[in-house]
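Here is the structure we will look at.
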Amino acid sequence: MDREERVSIVQAIFGCEPAEAAQLTDNLRFSTVEPASTIAFQGDESRDCQFVVAGAVSLHALGSEGQYTQVATIEPGEVFGAFPDVTTHTVEAVAQEAVELLVIGTAQLRELARNHASIATGLAALYAGQLSNVLGRLAARVTLTAKGRVYSELLARAAADGRIAPMPVVSALAVQAQTSRETASRAISQLERRGVMERGDTHWQITSVRMLEDMIL
């Protein structure tokens, strides 16, 4: 990824002017992470903000009895880490797949936000959007069945014409829906049997968005 591309990505994430995106880019470092690698351990010091450019990062919390609970999934254009102050990781961050990150020190980002209103506004919008997503998934966890959560995730991935591309990895979809791979696979098979979804060579196609919506229970 060259600098021009990074500037464009930063501008898209923050919604700031090109000059400010360029300045922010100069303070960012590019990082890649292999699938299933741990990016941050729960309890370790957190001194950076990480912006996901490609791939997805799972945030897991380790309970008192040694079990992990999925808290959230951080996807392209989203952020995790410490802001506005250095703190401790309250969750473990693990790469679901190959991940590309733009990383900046917490103190550096705080200073840039203080000096550039558009960067501060972009950060506020970014965090507000993620909070809304997390609350939505928590509500789904409480109110929807396991199959309903799978259908909700599929609906969220579908374009306006019902096309889902790239094709989801069923195990990753199950993690996001907080259910087992077997349950997710059965839910998808049910959609196919009822003619609600078709699998192609390069994408999945929702043939009836209305029927899918009615199945989210």
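The values are calculated or read from the model by the stated rules, or taken from the named source; none is laboratory data. The shown structure was predicted, so the numbers you read here are calculated from the model rather than taken from an experiment. As a convention, Cβ positions derive from the backbone with ideal geometry for all residues, glycine included, and neighbour counts pool all protein chains shown.
The requirement of being hydroxyl-bearing (Ser, Thr, Tyr) and out of contact with any Gly (no Cβ under 9 Å at 6 or more places or on another chain) is fulfilled nowhere in segment 39-57; no residue meets it. Go through segment 98-149 and give me each residue that's more than 30 Å from residue 184 (Cα to Cα), of a type in the set (Val, Ile, Thr) and part of a helix (DSSP H, G or I). Within segment 98-149, 106, 119, 121 qualify.
In summary, residue 139 fulfils each of the numbered conditions (1) under 13 Å from residue 72 (Cα atoms); (2) touching a Pro at 6+ places or on another chain (Cβ under 8 Å) with the single exception of condition (2).
If you go through segment 149-166 and pick out every residue that is surrounded by 14 or more Cβ atoms within 10 Å (Cβ to Cβ) and of a type outside the set (S, T, N, Q), you end up with 11.
Whether any residue in segment 180-192 is without any contact (Cβ under 8 Å) to a residue 24 or more places away in the chain, in contact with an Asp or Glu (Cβ under 9 Å, 6 or more places away or on another chain) and in a helix (DSSP H, G or I) is what I want to check. Checked segment 180-192: at least one residue is without any contact (Cβ under 8 Å) to a residue 24 or more places away in the chain, in contact with an Asp or Glu (Cβ under 9 Å, 6 or more places away or on another chain) and in a helix (DSSP H, G or I). Within the option set 100, 92, being surrounded by fewer than 18 Cβ atoms within 10 Å (Cβ to Cβ), among the acidic types (Asp, Glu), closer than 28 Å to residue 174 by Cβ and at pLDDT 90 or above holds for one residue only, 100. Here residue 82 qualifies as touching a residue at least 12 places away in the same chain (Cβ under 8 Å), surrounded by 19 or more Cβ atoms within 10 Å (Cβ to Cβ) and among the hydrophobic types (A, V, I, L, M, F, W, C). The requirement of being at pLDDT 85 or above and either farther than 27 Å from residue 171 by Cβ or not β-branched (Val, Ile, Thr) (or both) is not satisfied by residue 62. Being at positive phi, outside the structural domain of residue 149 (by TED's automatic domain parsing), surrounded by 19 or more Cβ atoms within 10 Å (Cβ to Cβ) and within 17 Å of the chain's Cα centre (by Cα), is that true of even one residue in segment 56-79? No, that holds for no residue.
No other residue among 73, 25, 69 is out of contact with any Ser or Thr (no Cβ under 9 Å at 6 or more places or on another chain), farther than 13 Å from residue 104 by Cβ and of a type in the set (Ser, Thr, Tyr) apart from 69. Residues that are without any contact (Cβ under 8 Å) to a residue 12 or more places away in the chain number at least 1 in the following strands (runs of 3 or more DSSP E) confined to segment 24-79: 68-74. The residues on offer are 139, 177, 172, and the sole one that is surrounded by fewer than 21 Cβ atoms within 10 Å (Cβ to Cβ) and under 15 Å from the mean Cα position of the chain (by Cα) is 172.
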